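Participant: Questions regarding the structure given below will be posed in turn.
Since every read-out is calculated from the coordinates, none of them should be taken as a lab result. Computed from a predicted structure; not experimentally measured. Virtual Cβ from ideal backbone geometry, glycine too; neighbours counted across all protein chains shown.
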Amino acid sequence: MSVRVEFDNIVKEFGAVRVLHGVSFALQPGRSVGLLGENGAGKSTLMKILAGFETATSGTLRINGEAMSFASSRQAEAQGIVLIHQEFSLAEDLTIAQNLFLGHEKKRGWLLDDASMQREAAAALAQVGLQADVNTRVKHLIVAEKQLVEIARALLRKARLLIMDEPTATLTPGETARLFALMTQLKADGVTLVYISHKLDEVQQVTDEVVVMRDGRFVARDDTAHLSRQQMASLMVGRELSNLYPPKAPHPADAIPALKVSRLSVPGWAQDISFQVHPGEILGFAGLVGAGRTELFEGLLGLRPRSGGEVEMQGRAATLTSPRSAAQQGLTYLSEDRKGKGLHVQFGLKQNLTLMALQRYCTPWLKPQAEMAALEAAVTEFGIRTGNLQSKASSLSGGNQQKLALAKVLHPAPRVLVLDEPTRGVDVGAKRDIYFLIQQLAEKGLAVVVISSELTELIGLCHRVAVMRGGKLQTLLEEEQLTEQKLIAHATGTHGDTYAAVH
C-alpha cells in the first residue's frame, strides 16, 4: 500500500521558540523528494513529526487523507513510515542483529528466535553492502558501517515512506552508488522517498522534485530538473550565494614546519606515515573509508596505540600522549563524531566551549562570568544560532553544534589544528562560513589539517592533499595537481604512478 502525506499548516513550538511556522505541502506516493534547507530550517523537526518522534503544536497531518497524530515512532512505522536519523540511534553495546530487531524481536513461543533474526539481519546487510558479522557489537563499527546498519534497519521495517537524513555523509563512493541503486529499486516498488542532504549533486541525481524550507517555513517546490545547484543553494539561504571557497592565501613553504611526523605507525591502521604541514598551510587528507586517516591522527594524539615514529612541533621534538598533552603543546583535534567525541551534548554551551582551556577559568576558582563572556564572544564570532545561552548543546541544530565544536578546539589557541570531516551534515551556507573561517585561521599563521571524504572540498580548500589507501600514504599532490580524477585514482589504487618520497 502506497502512502500519501499532507502537511496542513503545521506549527511546532519548543517552549517560547517557534521552529515551524504553518508548513503546508504534500508528498505524493512513489516519488523521490529532496527536502532542502539550512541547518535550523525546520526540515528535520517536520520529518520527526511525520515519523512519530515529535508531535505538532497545531495543524493537521494527513496520511492517505485521514488526519493522524503519532504518539510514537512505532505508530508511524505501523503506517509504513520510517526515519533514518542523521545522528545514529543505535545501542552501542548490542550486536548488529539485536539493533536491527530492537523493539521488533522475533519469537518462537516464549523464546527469542535468534537464528531467524540473524538470518534476516545477514540478508539486510547484504542488501546495503555491509560485509560484517551480524554478531559484531555496534561499538566496534566505524562511523560509515553504523550508517549502513541504520539503513538496513529501516529496510527491515518494510517502509512505504522512507525518510533519509544525510544518509551518505560517511559513505564511500561505492557505498553511495549501492544506496542509490537501492533507492531506485524502492521507488520502483512504490516506496515514497524523502531525501535530506546538503550534497546538492546527489539531490540532482536521485530526486524527482525538490521542496525547500527556510526559517521554519515552506519556501519553494519544483521539479529537480528545473533547478540548478546554484538555484537550490540560493533558495536555501534566501540570497545569491557567492563563491563557496575563499581564495587560497600563499604560505611560506620554506618555514619551519608547524608539525612534522616521521615514520609513524598505528598498528592495524597506518604504516610508516611521514608528512609535514607549515604555518599558514591547509593540508588535506583524502582516502576511502578504512584508509586509516582518522586512525592515524588518533594514534598521533595518543587515542590509539602507536609504534615508532617521531613528532616535531615548531622544529622541536614533541611527545603527544593524550589530547590534553597535545593541546598543551599547541595541537588540537576535532573528531568526525561530533556527538560522540566532539561535544558533551548534555552539557551547557559554555561548559563545552571552555572545557579544553578550563585552567584559564578555574585558577584559583571557577569564574562563570568569564566563561559566559567567552561564550558570548564565540557566539558572535562563529555565528552560532541559539535562543538561549544557558541551553544544552543538544538543543542546537547540527550545523550550530559543529560551529560550537570548532570554537571549542580553537579556544586553547592552538598552532596546529586537525579537523576531521569538518562539514559533515552541515548546510551549504554554514559550509561556506566554515571554509572562510579555516582560510582566516591559515592567514593568521595556523597550520590546518583537513580530513575529508568530499573531494571537491579538499580541492577547493587545500594547498596540498595527501592520499591514503590501505593504511599507507600513496601520494602527496600539490595544488596545481588537484583534480577529482587524480584523487580517486590514488585512493582506489588505479593510478599508474608510484609515490617515492614525501617532501
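Participant: Using θ = phi - 60° and the Karplus curve 6.51 cos²θ - 1.76 cosθ + 1.60, what whole-Hz ³J(HN,Hα) does each residue of the range 121-133 get, with Gly and Pro shown as x?
Facilitator: After applying 6.51 cos²θ - 1.76 cosθ + 1.60, I find 5, 4, 5, 5, 5, 5, 5, 9, x, 9, 8, 8, 6 Hz.
Participant: Order by neighbour count: ASP8, ASP189, ASP337, fewest other Cβ atoms within 10 Å first, most last. Don't jump to the answer; show the numbers that get you there.
Facilitator: On the way: ASP8 15, ASP189 10, ASP337 18.
Listing ASP8, ASP189, ASP337 from fewest to most nearby Cβ atoms yields ASP189, ASP8, ASP337.
Participant: Let me ask another. ³J(HN,Hα) across the range 484-489 via Karplus (A = 6.51, B = -1.76, C = 1.60, θ = phi - 60°), whole Hz, x for Gly/Pro?
Facilitator: 4, 4, 5, 4, 5, 4
Participant: Quick check: Cα centre of the range 1-61 to Cα centre of the range 378-418, how many Å?
Facilitator: Between the Cα centre of the range 1-61 and that of the range 378-418, the gap is 27 Å.
Participant: Please report how far the C-alpha centroid of the range 249-319 lies from that of the range 473-488, rounded to the nearest whole angstrom.
Facilitator: Centre-to-centre (Cα) distance: 18 Å.
Participant: What number, in percent, do you get for the relative contact order of the chain if the mean sequence gap of Cα pairs under 8 Å and at least 6 apart is divided by its residue count? Mind dumping the intermediate values first?
Facilitator: On the way: 1011 pairs, mean separation 77.6, N = 503.
Taking the mean separation of contacting Cα pairs over the length of the chain, I get 15 percent.
Participant: Let me ask something else about it. Once you put a point 7 Å from the Cα of ALA78 and another 7 Å from the Cα of ASP208, both along the Cβ direction, what distance in nm separates them?
Facilitator: Placing both labels 7 Å along Cα→Cβ, they lie 2.9 nm apart.
Participant: What distance in nm separates the simple spin-label points at LEU355 and ARG137, each placed 7 Å from Cα in the Cβ direction?
Facilitator: Between LEU355 and ARG137, the simple spin-label model gives 2.2 nm.
Participant: Let me ask something else. Using 0.36 nm per residue of separation minus the Cα-Cα distance, give me the extension gain between SER69 and ARG415 in nm, one decimal.
Facilitator: Numbers: separation 346, 0.36 × 346 = 124.56 nm, distance 5.23 nm.
Computed gain between SER69 and ARG415 is 119.3 nm.
Participant: Whole-Hz ³J(HN,Hα) for each residue in the range 375-381, computed from phi via Karplus 6.51 cos²θ - 1.76 cosθ + 1.60 with θ = phi - 60°, x for glycine and proline: what do you get?
Facilitator: The phi angles translate into 5, 4, 5, 5, 4, 6, 5 Hz.
Participant: So what is the relative contact order for the range 1-159, in percent, with contacts set as C-alpha pairs under 8 Å and at least six apart? Intermediate values should be presented prior to the final figure.
Facilitator: On the way: 229 pairs, mean separation 31.4, N = 159.
Across the range 1-159, relative contact order equals 20 percent.
Participant: Let me ask something else. Collect residues whose amide H, placed 1.01 Å from N in the peptide plane, falls under 5 Å from the amide H of ILE451; neighbours closer than 5 in sequence don't count.
Facilitator: Here the answer is PHE285, LEU419, ASP420, GLU421, since their amide H atoms fall under 5 Å of that of ILE451.
Participant: Another one. Taking the Cα atoms only, what angle lies between the long axis of helix 143-156 and the longest principal axis of the chain, rounded to 10 degrees?
Facilitator: Once rounded, one gets 10 degrees.
Participant: Report the relative contact order of the range 343-413, percent, no decimals, based on alpha-carbon pairs under 8 angstrom and at least 6 residues apart.
Facilitator: Values: 74 pairs, mean separation 34.3, N = 71.
Rounded, it is 48 percent for the range 343-413.
Participant: How much net charge surrounds ALA115 when only the other residues with a Cβ under 11 Å from the Cβ of ALA115 are counted, with Lys and Arg +1 and Asp and Glu -1? Walk me through the numbers on the way to the answer.
Facilitator: On the way: positive: LYS106, ARG108, ARG119; negative: ASP113, ASP114, GLU120.
Around ALA115, the charge tally is 0.
Participant: Still on this model: Helix 398-410 versus the longest principal axis of the chain: what angle, 0 to 90°, nearest 10, using Cα atoms?
Facilitator: 20 degrees
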